[in-house]
Amino acid sequence: MLDSFRHDLKHALRRLARNRAFTAVAVLSVALGVGANAAIFSLVDQALYRRLPVREPDRLVLLSWKGRFVGSGWGSGNLLPNPMYKQLKAENQVFEGVFARHPTQVHLTFDGTPEPANADVVSGTYFGVLGVRPALGRLLDESDDERVGAHPAVVLAYDYWKNRLGGRADVVGLSLKVNNHPMTVVGVAAAGYRGLDFGEVPSVFLPLSMAKQALPDFDWLDNRRGRFLHVFGRLKPGITHEAAAAGLQPWFKAMLDADMKHSSWPVVSAEERDRFLASSLEVLPAGTGRSDLRQRLEQPLYVLLSATGLVLLLACLNVANLSLARAFAERRDTALRLAIGASRARVVRERLAESAILAAAGALVGTLLAPLVTNALVAFLPEAVDLRTTVDPRVFAIALSLSLATGILAGLLPALHASRTPPGPGLREDSRSVASGLGMRRALVVGQVTLALVLLTGAGLFVRTLHNLREQGPGFATDNLVMFHVDFGRAGYKAAQAQPMVQRLVEDLRAQPEIKSAAVATLSLLGPGSWNTRVTVEADRRFVVEDGVHCSAIGPGFFQMLGASLVAGRAFDERDATSAETPRDWDSQFRSVIVNEKFADRYFGGKSPIGARMAFGVAPNAVTTIEIVGVVESFSYRARGLRDVEQQAFFPYFEGSNFRGGVVYARTRTSSAAAFASIRSAVRRIDPALPVDGLRTLDDQLDRALANERLLALLASAFALLAMLLAVIGLYGVTAFVVARRTREIGIRMALGATRSAALRLVVRDAASMVALGVLVALPVVWGLGRLVSSQLFGVGATDPATFAGAASLVGAAALAAAALPARRASRVSPVEALRAD
């Protein structure tokens, strides 16, 4: 058996070496399909399924509050208050250990120059429960939780230590500043551990006891009404997620009852109380960590993975078509071998050996191509993302398996067809049996056209979605608009010191000749974050906004700088600045608010909201002291608002008592990038040590907000063009085959008086019939698959006729171009030579 296998392999290699053109095209077809799949699967695996490099990650769970929380939140999703975490840590019966973390950004100062860095504020149990070891020094432990503000210890991430500090051996004991607070490096985390969120990889880990220093904007360590922590647990052996959830519910219900009796419990309505008591504690699998980026990427990556699957199937059809053509070209050789005693099984084995060789070669070349696609994908993601562009051995094994499956599928039908060639008719060139296989090849081409059309239609829908969103824009002009973030709080300034400096910075920018206007706001335009809250409104009736309002605090001139017009009321001015008489607590520090048109239309209809009053929260005793003084035209504030403008409320920045920085915007007179140097100079004049973070144009920010749409549009287009190329190659092969088979017929027709144009139409009509059939088959496929991607579209239907017609026209034009050369050859057939040749 081994001797026979070795003989088959050698024979297959010799045959492939003799047919270099066939071998190259087949290997490249498989490589393109496998390379695209390997790249996308590598990212899907890392982004969605990669297990954390910690001890027994499958036993990790994330706790999440399901239901109504009475209070506020700081962060995104799955948040719990610190007092609840501490109570859970002391009383739970289902976990070996519990830990908490809060991701944030801090200013790190090593050599006198502060720089922004991602940080995880973590409990002392963090590293112990995860099972992460130190590479140097020690890691944070429970002794770092003992006293609030008394443990200025820092653990560096291994990559940050190697890349930023050059892997210096004396790093333990090194002094640095975190948000201008002196701290000491006590250790370096193990190599390979990059935190719990691949989208926000931390550079440093800080103790939860130092939360006030790390998070100067709020101090919620003892606040039962403020949730900001992601709380994880490690299940005890033998306890399932379901058992843990069931075991925690009695404790959680008791905690809710006790919470209502606490002194911090506010006045709430009976409905609010009932919804609070109906809450439950979810236990979610956390072996892959927790990531907001994962949630945003999940559906686009699955769409791209499906697209590359279709490309691989198309590559398989292409190789099968080439193999059929080659089997027909070698029909006499095969018939002769069968006539002198070769078994049909031997013929099949040799063909499958060729397919296996082509598959293995395609896998190798495809694996070399995969990093190019991966690099293109990673370019759409945030800079701090933890995704490798290399293909690991596990992904290579999957790529090899895909290749072998592709090779076997592509070679099986041609092998069976070759083995069934009758020896007698196969040796007679004029036998009709030698034309067998043409129907099969046409069917394969129809399948290729169908797949190419499906991919091209999908790409067209994604391109139109991106175009529609960019054409619509955020509702204001983004040209010559620059934004950057300054944070005086993380530089050590108190709010009373920071606000005059912010005002001075804005005025300094307005004085620059390159800058037309400038203003400050608390949040980034077109960013992912949001300050959202429920509010109570009182006009001719009192009502609550249950689904929340997206808020921001803005400085004077903000709307004018954007070009957003006030449709009623007034803008903020000196009347909206803090005075000595202004209360300093959060709930009553604002006296005025401007709402957008969507808010006004939804809650006031045709009536004017000017003069109506508002309060934060939905408590029955909420005092509505904030007056609506203006209505501004609606524009997209958040990235998600690009698809559907949200209801917004804007408060006066300089009336807020807690703001110590924010996002500064500048409308420039010339190119936005040319003003960068002036902006940096203005910040240095305020404080030479203050970092300028995220300095970019609004056009760049818009591109970031549309990263998913660009990812889908560009890569889907690339895969669709690749699919169309493969389909064109298949169609060209069949057309050339038809011309070769019908040379004698065409010669006879022309000898009897047929024109060259008639011969041309004969060939083109055959190609057009295959394309038309492919279009008909693609129609229901596009209709069925279109609904799966409808959530990713904007301004175009999943079954948009114009997009399908455009894709069909493009495929048709490419198909006619592919048929042009064989058709031209057919039109030049000499009747005499055609009759002599056959």
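One chain, two ends: Ala150 and Glu282. Fully extended at 0.36 nm per residue, the span grows by 44.2 nm beyond their Cα-Cα distance. Electrostatic bookkeeping for Gln560 treats Lys and Arg as +1 and Asp and Glu as -1; over the other residues with beta carbon under 11 Å from its beta carbon, the sum is +2. In order along segment 599-612, the Karplus-derived 3J(HN,Hα) couplings, from 6.51 cos²θ - 1.76 cosθ + 1.60 at θ = phi - 60°, round to 4, 5, 5, 6, 9, 10, x, x, 8, 7, x, 4, x, 5 Hz, and Gly and Pro are given as x.
Helical content of the chain, expressed as a calculated mean residue ellipticity at 222 nm, amounts to -16000 deg cm²/dmol (DSSP H runs of 4 or more residues, -39,500 (n - 2.57) each, divided by residue number, nearest 500). In percent, rounded to a whole number, the relative contact order of the chain is 16, using alpha-carbon pairs under 8 Å and six or more apart.
Could you tell me which of rounded, prolate or oblate describes the chain, using a ≥ b ≥ c as the square roots of the eigenvalues of the alpha-carbon gyration tensor, with rounded for a/c under 1.5 and, failing that, prolate when a/b is larger than b/c and oblate otherwise? Because a/c hits 1.5 or more and a/b exceeds b/c, the chain counts as prolate. Within the accessible surface of segment 1-51, defined with a 1.4 Å probe on protein heavy atoms only, the carbon and sulfur portion equals 67 percent. Work out which GluC sites (Glu not before Pro) in the chain are exposed loop sites (DSSP not H, G, I, E or B, at most 10 other Cβ within 10 Å) and give the longest gap free of them. For GluC sites (Glu not before Pro) (loop position, at most 10 other Cβ atoms within 10 Å), the longest site-free span of the chain is 1-382.
Taking the centroid of alpha carbons for each part, segment 61-88 and segment 214-293 are 4 Å apart.
Could you work out how far helix 707-741 tilts from the main Cα principal axis of the chain, as a 0 to 90 degree angle to the nearest 10? Tilt relative to the chain: about 0 degrees.
Proximity of backbone amide H atoms, modeled 1.01 Å from N, is registered between Ile554 and Phe651, Tyr653 at under 5 Å, excluding neighbours fewer than 5 places apart on the same chain. Rounded to the nearest 20 debye, the dipole size of the chain about its Cα centre is 4040 debye, using +1 on the Cβ of Lys and Arg and -1 on the Cβ of Asp and Glu.
Could you give the angle, 0 to 90 degrees to the nearest 10, between helix 344-378's Cα long axis and the longest principal axis of the Cα atoms of the chain? For helix 344-378, the angle is close to 30 degrees. Accessible surface of segment 124-175, 1.4 Å probe: 47 percent of it comes from carbon and sulfur atoms. On a per residue basis, the convex hull of the C-alpha atoms belonging to segment 76-167 measures out at 132 Å³. Within the accessible area of segment 201-328, the carbon and sulfur atoms contribute 56%, probe 1.4 Å, all protein chains present.
One Cα centroid belongs to segment 1-57, the other to segment 455-480; the line between them spans 36 Å. Judged by the ratio a/c of the largest to the smallest principal axis of the C-alpha gyration tensor, segment 463-531 counts as oblate, that ratio being 1.5 or greater while a/b is no larger than b/c.
The alpha carbon gyration tensor of segment 554-689 gives principal lengths a ≥ b ≥ c with a/c of 1.5 or higher and a/b no greater than b/c, which makes the shape oblate. Considering only Ala519, Ala477, Asn321, the residue lying farthest towards the positive end of the dipole of the chain is Asn321, judged by Cα position with unit charges set on Cβ. Straight Cα distances below 21 angstrom link Lys607 to the lysines Lys598, with same-chain residues fewer than 8 positions distant left out.
Each 10 Å bin from zero holds the following percent of Cα-Cα pairs in segment 1-106: 10, 20, 20, 13, 11, 10, 13, 3.
Relative to the longest principal axis of the Cα atoms of the chain, the long axis of helix 20-44 makes an angle of roughly 20 degrees. Look at the dipole of segment 597-735 built from charges on Cβ: of Val664, Leu721, Phe616, the Cα furthest out on the positive end belongs to Val664.
Our summary gives segment 526-582 a relative contact order of 24 percent, counting only alpha carbon pairs under 8 angstrom and 6 or more residues apart. When the trypsin sites (Lys or Arg not before Pro) in segment 596-629 are filtered for DSSP coil states and for at most 15 other beta-carbon atoms within 10 Å of their beta-carbon, the remaining sites are Lys607. Average accessible surface for the chain: 42 Å² per residue, computed with a 1.4 Å probe over protein heavy atoms with every protein chain in place.
The values are calculated or read from the model by the stated rules, or taken from the named source; none is laboratory data. Note that the structure is a prediction, hence the values are computed from the model and not measured. Backbone-built Cβ (ideal geometry, glycine too); neighbour counts: all protein chains shown. Accessible surface areas use protein heavy atoms only, side chains included; no ligands, DNA or RNA. Shrake-Rupley method; radii C 1.70, N 1.55, O 1.52, S 1.80 Å.
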